[in-house]
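Below is one structure; the comments refer to it alone.
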Amino acid sequence: MRHRFRRLAFSAALLLLACTACQRQPDGNTTTTTQPPPGAERPAQAVTQLTRHLRDNDLAAFARDAVPPAVHAQLETAWREGRTRWPLDELPLGERIPQLLATLSKPGSETSLRADFNRQFAHADAELKSTAATLGLFTAQYVRNEGDFSESEREHYSQLIVAATRWAQAAPLSDPERAKTAIPLLAATARKTGLSTEADFARLGMQDSLRRLTEFSRACKQVLTSYGLDIDAGLDTLDASLQSQTGDTAQIRMRYHFAGQPIDAVVGVERIDGRWYVSDFLRHAKAAIAATAPPPAAGTAKTSG
């Protein structure tokens with residue numbers, strides 16, 4: 001059961017990646033324009049701007065506008081040194097994205113993953129619903145009581161977990177026909193990213209890596225929609241309003257729908273050099289810069305001679 005629980009968690013991560021791992025393709029216009037400074041002009045725009053980038057499939061722009069330029073430059077360095085994968089770290093199980101892309105990019109992954117699905121999940125409706133409930137309960141408890149979350153994050157994420165759990169319990173996750181379509185699509189687009197190892201992420205750097213996630217992100221959204229979770233439709237409902245402001249800090253109320261459920265949360269924003277940023281994203285970004293590189297994975301250490 002523990003092995004199957006881990007595999008379902010990995011599958012859940014695959015489905016949830018599309019919540020935020022998105023980026024816009026270039027429009028081909030080569031006209032030089034003046035780029036507005038990073039960040040937002042007004043407090044509520046710090047929320048609506050980043051949401052628009054996600055809706056427009058532009059994670060590179062999200063990374064640019066979520067932090068001041070000096071922090072962005074430090075993140076680029078930390079990314080190349082393998083110390084962070086921010087802003088992917090903001091995703092549910094976002095640290096698994098390199099592993100996910102590696103698995104999907106392997107030659108013949110379509111056949112092996114489909115066989116694995118048919119063996120473990122096909123038509124296993126009752127078991128998948130039960131496991132989804134268990135995952136939701138475990139994750140909700142973790143977010144409420146552990147981890148490096150602010151109070152606003154705990155409140156916000158708890159609502160998302162409840163909505164995601166309800167969706168997972170009702171979604172046709174065990175349908176082999178949907179899996180037959182989804183797996184080849186995700187595998188093909190994963191290979192196109194050229195991001196199959198941690199070394200690829202480091203070599204290409206943060207901005208180029210984020211740009212290369214475009215098609216894969218869109219494919220994830222397409223898969224999610226086929227299972228009844230329309231991410232873009234939810235993002236389109238966002239309403240962000242100023243609740244209070246004291247000097248260079250403010251509280252923004254954000255209301256939108258996720259998986260058909262209403263989400264109502266308050267997030268903090270702060271002003272730096274005249275531009276507004278979401279405080280939690282900025283805090284996580286600074287923590288990512290301060291992090292040390294993880295040890296090499298087993299089997300990757302260099303040998304002498």
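Points worth noting:
- Two-site label geometry, VAL162 and VAL266: point separation in nm, points 7 Å out along Cα→Cβ: 1.7 nm
- Residues GLN251 and ALA170, FRET efficiency given R0 of 30 Å [Cβ-Cβ distance, rounded to 0.05]: 0.35
- Burial ranking of peptide ranges 146-159, 209-222 (average Cβ count within 10 Å, highest at the top): 209-222, 146-159
- Taken along the Cα-to-beta-carbon direction at a fixed 7 Å, the label points for TYR142 and SER244 span 3.2 nm.
- Cross-link pairs LYS129/LYS192; LYS129/LYS221; LYS180/LYS286 - those with Cα-Cα distance over 30 Å: LYS129/LYS192; LYS180/LYS286
- Phi-based couplings in Hz for the range 152-160 (Karplus 6.51, -1.76, 1.60; Gly and Pro marked x): 5, 5, 4, 5, 5, 5, 4, 5, 5
- Vicinal HN-Hα couplings computed from phi for the range 220-237 (Karplus, 6.51 cos²θ - 1.76 cosθ + 1.60; Hz; Gly/Pro x): 4, 4, 4, 5, 4, 4, 5, 9, x, 10, 9, 5, 4, 4, x, 4, 5, 8
- Shape category assigned to the range 134-239 from the gyration tensor of Cα positions, a/c cut at 1.5: oblate
- Ordering HIS53, HIS257 from the fewest to the most neighbouring beta carbons within 10 Å gives HIS257, HIS53.
- Summed residue charge, Cβ within 9 Å of ALA187's Cβ, Lys/Arg positive, Asp/Glu negative: +1
Values quoted throughout were computed directly from the atomic coordinates according to the rules given, and no laboratory measurement underlies them. Please read all numbers here as calculations on a predicted model, not as lab measurements. Counting neighbours? That spans all protein chains shown, and the Cβs are built from the backbone with ideal geometry, glycine included.
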